[in-house]
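Structure first, then comments.
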Amino acid sequence: MTPEAHARRIIDRQLADAGWLVQDLKTAHLGAATGIAVREFITDAGPADYVLFVDRRPVGVIEAKREEAGETLTATEPQTERYAGARLKWTTNHHPLPFLFEATGQVTRFTDNRDPAPRSREVFHFFRPAQLAAWAAEPRSLRRRLADGLPALAEAGLRGCQVSAVTGLEASLAANRPRALVHMATGAGKTVTAITAIDRLLKFGGARRVLFLVDTRNLGRQAHQEFMAYTPPDDGRTFTELYNVQRLAGPALDPHAQVVISTIQRLYAVLSGQPLDDAADDLSSFEVPAPAQADHGRLVRYNPGVPVETFDVVVIDECHRSIYNLWKQVLDYFDAFLVGLTATPDNRTDGFFNQNIVAEYSYEDSVADAVNVGDDVWEIQTEVTEHGAALQAREWIDHRDRATRARRWAQLDDDTAYTGRELDRSVVNKSQIRLVIQAMKTAVETQIFPARKETPKTLIFAKTDSHADDIVQAVREVYDQGNAFCRKVTYGERDAEGVLQAFRNDYHPRIAVTVDMIATCTDVKPLAPIPGLQREFLCSDLLSNVAQNWLKARSKTTAGQTNLTLETCRSLPVPSPPVAEQACIAELVAEALAAADAMQAAIDKSLAQAAAQRQNILRAAFAGQLVPQDPADEPADLLLARLRGGRAVAGAGGRRRTTGP
């Protein structure tokens, strides 16, 4: 078999996988299927290797080359253009064909002649007939719509850095730049920026579907909440009221979803045909071991259920962790614009996105704009961490298994010295852990946040799971608090999701200890009291009729469920009288509520007593105990018996029914 024939055999199979029926010219039957690929079709410029027909109409042409021609495939483009612009024999089509392909069986390039300044690009696989039909029916291609420009951005409610990022990204898309990187500091609103851009692409750009790739399931859940809370400035409805949003939890995509949120691990499993351990969704793609390069069974391959044209745009959150190793195959698979979001880019990240940084908003910029607060570094050094320590020979010490934490006592044979680097890995010094926690507590309470009464939300990173357990115990002891005060939140925890949610939204836990990246990039709202506003007064105000009626008037009901957006809650007016007056109001409200509770308890007790007394009264009445009785009167029980007997006699002596003779 010649190299050309071998390449065409592979191309035939690829076309068949995408839903095309491949036919020879002599036996061609254009009505045999929706999509027909005819080999060696005659044109005025000579026989084209393949001409693509959809519903009997020619839409595209493929120029096939042997594998070795892959490095010079772009040189074949003029030949493909000649066939696309030539007259096709036995057809009435006299217009240039819009869709052009060059293929070797290993590399496929595609040009959409409807684009402004048509530019070829490499694609993972051929498109389905239905997709080419849909594109051919559109008056303008996606790239032409983007080049023509979108309406002016409504800047209300957006920070300046977000406006700059959205406009910069749209300019990049208009220029047909396939990859773009948005560099924004943590806390500056990357997700809201991405949602704003996605809303405009769907609404004004004509994008069909967008993929929002995340690093972990927790980040996917958090992104979904942001989508649900987002309200476009030009519409009173939330994003999820306007568009269908799917959080991918299995192998099937919702065909009606316009936004799909997925971890890159799950999508990789879908495209590679391998089952995904549910726990892998909780691990960062940076931490999940990528399969070995030699494991060809785990390579991404064409999936007809998720074709390459499924998404128009792929947004990659925390992209500095998701573009390496075999995970990158997911990004190479889809024929889509790639938009990366990161707060910590490096040279590799910049290189992957072709140095096309459309927005750059550093941490220093965010601090200068009061979007973020500055940070202080507090270094806690102990004698053991600096110089290590030694254990004496013949000393009895506790040996503990790192995984099971099972303990056994054993005597050391020799003197054993250890360094600070070995701490909490091969050696555990609980006194050192306790000393560090005590130093942290003292610094927070006396120097960092001296005015706070509550411990601020604190995240401690441990070296190992076992080290995290030791820290949790030390924190509870040093702070003299119970289990709820400090919790471990790692992938190994059974209720890691619940602990993380509580850390984000509830008063407890105040301190969380983690080992891995489960808690990174997680928004934790400050739950400490607002300076100048007492918690008791704020609770009283939020429970008042004024605040409740204000919130009810602005709530929205969707499918029978009432909800409030975050922006609505933020705009709730809260009075702020002097602190002394707040304390007085809170005390009066507490007294009134206590009096109301006492009154309600008294009413409940009286009602219970009244119900019991009613039974007592009826019992006394029938016993003749309510009023003095005349001895000559007939007792009540005899009277009742006589009445019952009379009723029975009257029933038996009633008129009989008679019938005629």
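A few points about this structure:
- Residues (in contact with a Pro (Cβ under 6 Å, 6 or more places away or on another chain) and in a loop (DSSP other than H, G, I, E, B)) located in the range 21-62: 34
Matching residues to (1) surrounded by fewer than 16 Cβ atoms within 10 Å (Cβ to Cβ); (2) over 21 Å from residue 40 (Cβ atoms); (3) among the aliphatic types (A, V, I, L, M):
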site	(1), (2), (3)
65	no, no, no
76	no, no, no
88	no, no, yes
93	yes, no, no
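Here is a yes/no grid of residues against (1) open to solvent by less than 60 Å² (accessible area, probe 1.4 Å); (2) modelled with pLDDT of 80 or more; (3) within 43 Å of the chain's Cα centre (by Cα):
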{"site": "577", "(1), (2), (3)": "yes, yes, yes"}
{"site": "593", "(1), (2), (3)": "no, yes, yes"}
{"site": "599", "(1), (2), (3)": "no, yes, no"}
{"site": "606", "(1), (2), (3)": "no, yes, no"}
{"site": "626", "(1), (2), (3)": "no, no, no"}
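- Test for residue 152: is it over 28 Å from residue 36 (Cα atoms) and assigned to a loop (DSSP other than H, G, I, E, B): yes
- Taking the listed residues 441, 463, 430, the one that is closer than 30 Å to residue 392 by Cα, of a type outside the set (S, T, N, Q) and within 35 Å of the chain's Cα centre (by Cα) is 463, with no other qualifying.
- Flag for residue 117 being closer than 30 Å to residue 13 by Cβ and among the hydrophobic types (A, V, I, L, M, F, W, C): no
- Lone unmet requirement of (1) open to solvent by less than 80 Å² (accessible area, probe 1.4 Å); (2) within 30 Å of residue 224 (Cβ to Cβ) for residue 570: (1)
- For the range 490-502, the criterion of being outside any helix (DSSP H, G or I), in contact with a Ser or Thr (Cβ under 7 Å, 6 or more places away or on another chain), modelled with pLDDT under 80 and of a type in the set (D, E, K, R) is satisfied by no residue at all.
- For the range 460-475, a residue qualifies if it is more than 12 Å from residue 489 (Cα to Cα), open to solvent by 30 Å² or more (accessible area, probe 1.4 Å) and at pLDDT 85 or above, and exactly one does: 473.
- Considering residues of the range 476-489 that are among the charged types (D, E, K, R) and outside any loop (DSSP other than H, G, I, E, B) only, the residue least open to solvent (accessible area, probe 1.4 Å): 488
- Filter result for residue 48 (buried (at least 23 other Cβ atoms within 10 Å of the Cβ) and among the small types (Gly, Ala, Ser)): yes
- Here residue 610 fulfils each of the conditions (1) assigned to a helix (DSSP H, G or I); (2) at pLDDT below 80; (3) loosely packed, with under 10 Cβ neighbours inside 10 Å apart from (2).
The values are calculated or read from the model by the stated rules, or taken from the named source; none is laboratory data. What you are looking at is a predicted structure, and each value in this text was computed from that prediction instead of being measured. Backbone-built Cβ (ideal geometry, glycine too); neighbour counts: all protein chains shown. With ligands, DNA and RNA removed, areas are computed over all heavy atoms of the protein, side chains included. Shrake-Rupley method; radii C 1.70, N 1.55, O 1.52, S 1.80 Å.
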